[in-house]
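The values are calculated or read from the model by the stated rules, or taken from the named source; none is laboratory data. The model shown is predicted, which means the values in this text are computed figures rather than measured ones. Note that each Cβ is placed from the backbone with ideal geometry, even for glycine, and that neighbours are counted across all protein chains shown. Side chains included, ligands, DNA and RNA excluded: accessible areas come from the protein's heavy atoms. Shrake-Rupley method; radii C 1.70, N 1.55, O 1.52, S 1.80 Å.
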Amino acid sequence: MKKFLFFLLISIAAKAQLSSKAEVVLVTVAPGNELHSAFGHTILWINDPSNGIDRAYSYGTFNFNTENFYLKFLMGTLPYTISVHSMQDEFNYNIQYEKRGMIAQKLELDSLQKNAILKDLETNLLPENREYAYKFFYDNCSTRIRDMIEKNAPGKYRWTQNPTLEGKSYRDWMNKYLAPNSWVTLGMNLALGVPSNVTATAYQSCYLPDNLSSATNLSKGLSANPVSLFDAEAAGTKSFDFIGPYLILGLLTLLVGFLSYKNSFPFAADVALFTVFGLLAWFIFFLGTATNHEVMAYNPASLMLFPLNFPLVIWFVQNPVKWKFYIHMVTVFSLLGIVWCGFQFWPMLLVGLPIFFRLCSLSFIKK
């Protein structure tokens, strides 16, 4: 019975003709405090009081109960879907739980364009269409709605007239929303490869909801002036994190350098150091070569940390003279990786410095 009602409602909505009073509204939700909400959210709201239509469409929905959820998320195969609620429900949830600002922009579209957008959205809701492969930079809650508007209202977006949305890479735009001295920020940057450094066009930068809102506002004749639906409290300025990566990795680098200089680096410490960073290198290499996350490919962080350091550490630190060629080779790789990572996002090089300093020390051991 529930399935029958579901199909009936979709069928009715898909065939419905919006009245002359219908509105298509782009709703931009401000970034939240949790990682999954750190970049904001985009909703496309179809509001037609004359026909009793109040439907707020969102892409980027996923189900935590999906079988093998974490494995699929890691592999980039987790299915994402479109969902729909009433705007009142979205508003109430945001007010009561998320407490994130909401801005509405009524789109200046004709009746044919509005009906075409409604039809496409309802077609996407069909069971055979609703799932898709989510891509953070290329196919998410914002890009899907951007493309939906552009498809049904071609020429409305004036991408060449949006210079403020150009000049930054995908990575740079991402980091704008992350705290600089944060383990999460460092981890996300370590996982990203060369494709994330591509300079995004104004069109491509709209993978972020705020940028799509700006592009919509800057495109003359596309939207009315933005209207605030809810003003959230301004977030406080974050102070320096004394347990963040800057300080911790800096101290580790100094400790490794000091013990190496004093020639008092214990064997167990060498094994622990190269094992931890070697396993991290293997994980980064796995993300870039064995998953569907194409933005993680060709990652210099793997070169900087060099996966083979684990398990080879067990042998080369016992007899560095015998392993001189390997140590020299990996030292060069580590240096190249550090320089490369530094150009991408400079805090990444902090991860490679402890290994690099220790490799340099092992290179000069003579027996």
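Some values worked out for this structure:
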{"read-out": "Percent of alpha-carbon pairs separated by more than 16 Å within segment 287-367", "value": "53 percent"}
{"read-out": "Cα-based convex hull volume of segment 175-234 per residue, rounded to whole Å³", "value": "117 Å³"}
{"read-out": "Segment 182-292, Rg to Rh (Cα coordinates; Rh as Kirkwood inverse mean 1/r)", "value": "1.16"}
{"read-out": "Taking the convex hull of Cα positions in segment 228-327, its mean projected area over all directions (nm²)", "value": "10.9 nm²"}
{"read-out": "Nearest-ten-degree value, helix 111-125 long axis tilted from longest Cα axis of the chain", "value": "50 degrees"}
{"read-out": "Over segment 210-367, relative contact order from alpha-carbon pairs under 8 Å, at least 6 apart, %", "value": "24 percent"}
{"read-out": "Alpha-carbon Rg with Dmax, taken over the chain, Å", "value": "25.4, 88"}
{"read-out": "With Cα atoms, 0 to 90° folded angle of helix 2-15 axis to the chain main axis", "value": "70 degrees"}
{"read-out": "Label point 7 Å beyond Cα of Leu112 along Cβ direction - residues of segment 24-64 with amide nitrogen under 19 Å", "value": "24"}
{"read-out": "Given Lys21/Lys119; Lys262/Lys322; Lys119/Lys168; Lys72/Lys156; Lys99/Lys156; Lys106/Lys151, the pairs whose alpha carbons are separated by over 29 Å", "value": "Lys119/Lys168; Lys72/Lys156; Lys99/Lys156"}
{"read-out": "Fully extended contour minus Cα-Cα distance, from Phe240 to Ala290, at 0.36 nm per residue", "value": "14.4 nm"}
{"read-out": "In Å², nearest 10: area of Trp340 left accessible to a 1.4 Å probe", "value": "120 Å²"}
{"read-out": "0 to 90° range, to nearest 10: angle between helix 245-261 axis and the chain longest Cα axis", "value": "10 degrees"}
{"read-out": "For the chain: relative contact order, % (alpha-carbon pairs under 8 angstrom, 6 or more apart)", "value": "16 percent"}
{"read-out": "Mean ellipticity per residue at 222 nm, deg cm²/dmol - from DSSP H runs of n ≥ 4 across the chain, formula -39500 (n - 2.57)", "value": "-14500 deg cm²/dmol"}
